[in-house]
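Chemist: For reference, the structure I am asking about is given below.
The values are calculated or read from the model by the stated rules, or taken from the named source; none is laboratory data. All of these numbers come straight from a predicted model, not from anything done at the bench. As a convention, Cβ positions derive from the backbone with ideal geometry for all residues, glycine included, and neighbour counts pool all protein chains shown. Protein only, heavy atoms only, side chains kept; ligands, DNA and RNA dropped before computing areas. Shrake-Rupley method; radii C 1.70, N 1.55, O 1.52, S 1.80 Å.
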Amino acid sequence: MFSPCVRFSHCHQVLNVLFVCIPQNEGKRNLSLGGHVGFDSLPDQLVSKSVTQGFCFNILCVGETGIGKSTLMNTLFNTMFENEEASHYQNGVYLRPRTYDLQESNVQLKLTIVDTVGFGDQINKEDSYKPIVDYIDTQFENYLQEELKIKRSLFNYHDTRIHICLYFIAPTGHSLKSLDLVTMKKLDSKVNIIPIIAKADTVSKSELHKFKIKIMSELVSNGVQIYQFPTDDEAVSEINSSMNAHLPFAVVGSVEEVKVGNKTVRARQYPWGVVQVENESHCDFVKLREMLIRVNMEDLREQTHARHYELYRRCKLEEMGFKDTDPDSQPFSLQETYEAKRKEFLGDLQRKEEEMRQMFVNKVKETEAELKEKERELHDKFEQLKRMHQEEKRKVEDKRRDLEEEMNAFNNKKKMAAETVSLSQPLKKDKDKKK
Amino acid sequence: MIRFLHGCNVIFFTVLQQQKNLEGYVGFASLPNQVYRKSVKRGFEFTLMVVGESGLGKSTLINSLFLTDLYSAEYPGPSHRIKKTVQVEQSKVLIREGGVQLLLTIVDTPGFGDAVDNSNCWQPVIDHIDSKFEDYLNSESRVNRRQMPDSRIHCCLYFIAPSGHGLKPLDIEFMKRLHEKVNVIPLIAKADTLTPEECQQFKKQIMREIQEHKIKIYEFPETDDEEENRLVKKIKDKLPLAVVGSNTIIEVNSKRVRGRQYPWGVAEVENSDHCDFTILRDMLIRTHMQDLKDVTNNVHYENYRSRKLAAVTYNGVDNNRAKGQLSTKSPLAQMEEERREHVNKMKKMEMEMEQVFEMKVKEKVQKLKDSEAELQRRHEQMKKNLEAQHKELEEKRRVFEEERANWETQQRLEQQKLEASRYNLHSHL
């Protein structure tokens, strides 16, 4: 009797609204209201729904082994995430995602931290970036597959796409390593990148200033696009644009507490002093936290969905041969597109079948020809034998004839001799008589 | 600087400030605030459809709900724009309140239910809703998705004439056909013609008929909040809402209220004892507008989409397989599977053909062998024959030669004898 109740995820809901744009003044009337209608509660309605469903956020940490990725995550989220230290002897780079459920006041956050284990440890680092790119693409692919399903449930889909990539730069104080440039160049069109200088407590203030300038100029000259904090929303444009000038952030991470004055703060204790993590004159940790979490988290998610994911999707669909307009620049409807694809596909299958059949027919013909050849050879052979036989037979016949002739001749001779003898016999008789 | 005009946001901000100073505060509790900011910047959209026979007070109600002259002399309401056939027309207005911008689209259906023969008067409405879904589906499926204007109907207010008896056949027919495509909220129009008891009866009757015909009107979602649930329950008990609309301001007890002046008194629009207008307004605009959009997106649109895509996917595939099996695959995955099936089929076919071929070849080769053997045998036979003849001949010759030799020897002997006797004879003479 009543329509079904559904729970909605903040993620898809907001992102759905994302694409809705208010076109400017297309036959619209601007009207003034004669009182309080109440739709100014719309943002609250939206917010309360998203709070109910919870948020999700995915961070990718790229950096050499031991550069302080896990410590920074622990410091940032003020939690001890379980982490074994990685060894330096991995033969490749592999990604290790871990998901945690955090809560702060009434907000629930599903946080996924993806670590790059083994990055920068191999002797040949040419392919180091590949597992990272593959991982990011896989998350996009999973989302795309879900989006393309016939029966889909995007509103309770656990979004695993990477919203931010923190790239940890080693504090050499000089410049970026070539591995850094290569990796960031491969990643900048796929994910929001914020470069940070790790273990910044080993770089002095003046060196740090020069280092930052060098890094930024190298990034610019190599055409690496890092994430810019948005300045279009007047509420936050001021703070964002000032922060943009402080990139890359030089951070120090620590979960150890040290007593400084009468306060206990998170810090690193050295014989020569204490580096306080949350002291803005010591490092940029507070700036990073401010930008990443408190001001722009939502924008990062939006950018990932509206820019990086869309780019991936567009490339993927074009690869599969989908187009938006036909050769006459008329837009395709969804039905037409799929039907065209299907026709092509079926034609393809049919062609393959034909090919196979044809191949078979040829094979049969060949074999038939071979066998016929063999038959003929056999036939020839026996013709030859037959002829030989005839020959032999004739010889035998000849011999027989010869023999008969000789026999006849002999018989004649014998007869003649017998006749001669009978002739001479009477003479002898006479002689005998005379005596 | 973030502008907060709604009460609760001020509290939120202060809480935020406090919490910032708490130890170990991470800060993602500000996410809702970030979302708030972005949504205000983006602005909101809502499309509302009003359906009902002419003269039921639809335009007045819309004007009352939004406290503005959406319908006026210049832009007349649906009852003044009746054409020969049922039309579906929309008008867009941009209204602002407290920093929040709302693009409101009102879709109305002049001519609905006004003809003598109203069969299929709902069809243009259904077509319109579907075409909006289609537009959205197409723009969602494009390769280049920049703007996706959302003109899908988020809510349909259906006006029931206050007969006091029950639903008309047209009402039932319309709601049955539309309840799975759009959020339907039935309203009793011009409720000031019913006394409270009549209204109560009428409502009960309507709900009974709705249940009987299994019509799914818009349902308020359950929440975890006890308080909210209680409010929702109160609303549910009053369904369908009986409304009165008016934009004329009348003075009652030195208060200026909106209402309808009768000789016997004033029916106040915003008085909850008089009608359910405030409940409708609060529910439609102040608390559940977002939910209406979400249900449209997650339920009605998804239903449309999956049906559409299933038709496209299974177009040409054996219907027996497709029946009753709305898979969760995308059309592309479906094609992929078909491709795999085809590959298997071809493999099988190839194997079969191979087998037949092999068999035939074997047969032929065997035949060939057999005839070779036969011929060989015959050849052997003939050879033997010949040899026998040869031998026989040899034997004969041998015998003959022997005989001849003997005879010749004999002849010679006789000759010698003859010669000897002849000699003797001569010597005697």
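Chemist: So for chain A, averaging the separation of alpha carbon pairs under 8 Å that are six or more residues apart and normalising by length, what relative contact order in percent results?
Modeler: Relative contact order for chain A comes out at 12 percent.
Chemist: Considering the options B:Ala373, B:Gly164, A:Gly118, tell which one lies farthest towards the positive end of the dipole of the protein assembly as shown, charges being +1 on Lys and Arg and -1 on Asp and Glu at the Cβ, about the Cα centre.
Modeler: The residue sitting farthest along the positive end of the dipole is B:Ala373.
Chemist: Once every Cα of the range A:48-320 carries one equal point scatterer and solvent is ignored, give the base-10 log of I(q)/I(0) from the Debye formula at q = 0.07, 0.08, 0.16 Å⁻¹, two decimals.
Modeler: At q = 0.07, 0.08, 0.16 Å⁻¹ the computed log10 ratios are -0.26, -0.34, -1.43.
Chemist: Can you find, among A:Thr367, A:Gly347, A:Leu378, the residue farthest towards the positive end of the dipole of the range A:339-405? Put +1 on the C-beta of Lys and Arg, -1 on that of Asp and Glu.
Modeler: It is A:Gly347, whose Cα lies furthest towards the positive end.
Chemist: In addition: Under a plain spin-label model, where a point goes 7 Å from the Cα along Cα-to-Cβ, how far apart in nm are A:Met320 and B:Lys234?
Modeler: So the two model labels end up 5.1 nm from each other.
Chemist: While we're here: Under 20 Å from a point placed 7 Å out from the Cα of A:Lys177 along the Cα-to-Cβ direction: which residues of the range A:61-104 have their backbone N that close?
Modeler: Inside the label zone: A:61-73, A:85-96.
Chemist: With every protein chain kept in place and ligands, DNA and RNA left out, what is the accessible area per residue of chain A? Probe 1.4 Å, answer in Å². Before the final figure, lay out each step's value.
Modeler: On the way: 23050 Å² over 435 residues.
Ligands and nucleic acids excluded, the result is 53 Å² per residue.
Chemist: Rounded to the nearest 10 Å², what accessible area does B:Ser427 show when all protein chains are kept and the probe is 1.4 Å?
Modeler: Ignoring ligands and nucleic acids, B:Ser427 comes out at about 80 Å².
Chemist: Give me the one-decimal Kirkwood hydrodynamic radius in Å for the range B:98-236, with the sum taken over alpha-carbon pairs.
Modeler: Final number for the Kirkwood radius of the range B:98-236 is 17.7 Å.
Chemist: Using 0.36 nm times the number of residues separating B:Arg377 and B:Leu425, minus their current alpha carbon distance, what extension gain do you get?
Modeler: Separation in residues times 0.36 nm, less the Cα-Cα distance, equals 10.2 nm.
Chemist: Let me ask something else. Kindly state, to the nearest 0.05, the FRET efficiency for B:Gln200 paired with B:Asp282, given R0 = 22 Å and r defined as their beta-carbon distance.
Modeler: 0.55
Chemist: Next up: If r is the Cβ-Cβ distance from B:Asn144 to B:Thr193 and R0 is 56 Å, what FRET efficiency results, to the nearest 0.05?
Modeler: According to the calculation, E is roughly 0.55.
Chemist: Check B:Leu187: other-chain or 5+ apart residues with amide H under 5 Å from its amide H, H built from backbone geometry?
Modeler: B:Tyr158, B:Phe159, B:Ile160
Chemist: For every helix of n ≥ 4 consecutive DSSP H residues, a contribution of -39,500 (n - 2.57) applies; sum these over chain B, divide by its total residues, and give [θ] at 222 nm rounded to the nearest 500 deg cm²/dmol.
Modeler: Taken over chain B, the calculation gives -17500 deg cm²/dmol.
Chemist: Only four residue types carry charge here, +1 at the Cβ of Lys and Arg and -1 at the Cβ of Asp and Glu. Report the dipole size of the protein assembly as shown about the Cα centre in Debye, rounded to the nearest 20. Kindly include the intermediate steps, with their values, before the conclusion.
Modeler: Details: 132 positive and 134 negative charges, 721 e Å.
The calculation lands at about 3460 debye.
Chemist: While we're here: Quick check: the distance between the Cα centres of the range B:256-282 and the range A:272-323, to the nearest angstrom?
Modeler: The range B:256-282 and the range A:272-323 have Cα centres separated by 52 Å.
Chemist: In whole Hz, what ³J(HN,Hα) sequence does the range B:222-234 give by Karplus (6.51, -1.76, 1.60; θ = phi - 60°), x for Gly and Pro?
Modeler: Each residue of the range B:222-234 in turn: 6, 10, 7, 7, 4, 3, 4, 4, 5, 4, 4, 4, 4 Hz.
Chemist: Next question. Using a 7 Å offset from the Cα along the Cα-to-Cβ direction at both A:Val396 and B:Lys396, what is the distance between the two label points in nm, to one decimal?
Modeler: 1.1 nm
Chemist: Please state the charge dipole magnitude for the range A:48-320, taken about the Cα centre, from unit charges on C-beta atoms (+1 on K and R, -1 on D and E), reported in debye and rounded to the nearest 20.
Modeler: Computed about the Cα centre, the dipole is about 100 debye.
Chemist: Output ³J(HN,Hα) for the range A:288-293: one whole-Hz value per residue in order, computed from phi by the Karplus curve 6.51 cos²θ - 1.76 cosθ + 1.60 with θ = phi - 60°, and x for Gly and Pro.
Modeler: 4, 4, 4, 5, 5, 9
Chemist: Once you have the alpha carbon radius of gyration of the range A:339-405, what is it after dividing by 2.2 N^0.38 Å, with N set to its residue count?
Modeler: Computed over Cα atoms of the range A:339-405, the ratio equals 2.68.
Chemist: Dipole of the range B:87-233 (Lys/Arg Cβ +1, Asp/Glu Cβ -1, origin at the Cα centre): which of B:Ser139, B:Ile129, B:Tyr218 lies farthest to the positive side?
Modeler: Checked the options; the winner is B:Ser139.
Chemist: For the peptides A:125-131, A:352-358, B:31-37, what is the packing order when you average, over each peptide's residues, the other Cβ atoms within 10 Å and list the highest mean first?
Modeler: B:31-37, A:125-131, A:352-358
Chemist: R0 = 51 Å: FRET efficiency of A:Lys130 with B:Gln90, Cβ-based, nearest 0.05? Working shown, then result.
Modeler: Numbers: r = 52 Å, r/R0 = 1.01.
The calculated FRET efficiency here is 0.50.
Chemist: Placing +1 at every Lys and Arg Cβ and -1 at every Asp and Glu Cβ, with all other atoms neutral, what dipole size does chain B have around its Cα centre, in debye to the nearest 20? Let's see the in-between values first.
Modeler: Working: 67 positive and 65 negative charges, 155 e Å.
With Lys and Arg at +1 and Asp and Glu at -1, about 740 debye.
Chemist: Continuing with this model, one more query. Report in % the part of the accessible area of the protein assembly as shown that belongs to carbon and sulfur, leaving out ligands and nucleic acids; probe 1.4 Å.
Modeler: 51 percent
Chemist: Would you kindly calculate the mean projected area, averaged across all directions, of the convex hull enclosing the Cα atoms of the protein assembly as shown, in square nanometres?
Modeler: So the mean shadow area of the Cα hull is 77.0 nm².
Chemist: Then there's this: Given a 1.4 Å probe, show me the residues in the range B:205-247 buried by at least 20 Å² of accessible surface when comparing the whole protein assembly to the chain alone.
Modeler: When all protein chains are present, B:Met207, B:Gln211, B:Lys216, B:Ile217, B:Glu219, B:Pro221, B:Glu222, B:Asp224 each give up 20 Å² or more of accessible surface.
Chemist: If you don't mind, there's one more thing I want to ask. Using a simple spin-label model with points 7 Å from Cα along the Cα→Cβ vector, what separation in nm is obtained for B:Glu408 and B:Thr248?
Modeler: For B:Glu408 paired with B:Thr248, the spin-label model returns 16.7 nm.
Chemist: Distance from the Cα centre of the range A:101-173 to that of the range A:200-268, in angstrom?
Modeler: For the range A:101-173 versus the range A:200-268, the Cα centre distance is 23 Å.
Chemist: Within 10 Å of each candidate Cβ there may be at most 14 other Cβ atoms; applying that plus a DSSP loop requirement, which GluC sites (Glu not before Pro) in the range B:201-304 survive?
Modeler: In loop regions of the range B:201-304 (DSSP not H, G, I, E or B), the sparsely surrounded GluC sites (Glu not before Pro) are B:Glu222.
Chemist: Gain in length, A:Lys381 to A:Lys28, computed as 0.36 nm per residue apart minus the alpha-carbon separation, to one decimal in nm?
Modeler: This chain segment gains 117.1 nm when fully extended.
Chemist: A further question follows. Over all distinct alpha-carbon pairs, what is the Kirkwood Rh of chain B in angstrom?
Modeler: Computed over chain B, the radius equals 30.2 Å.
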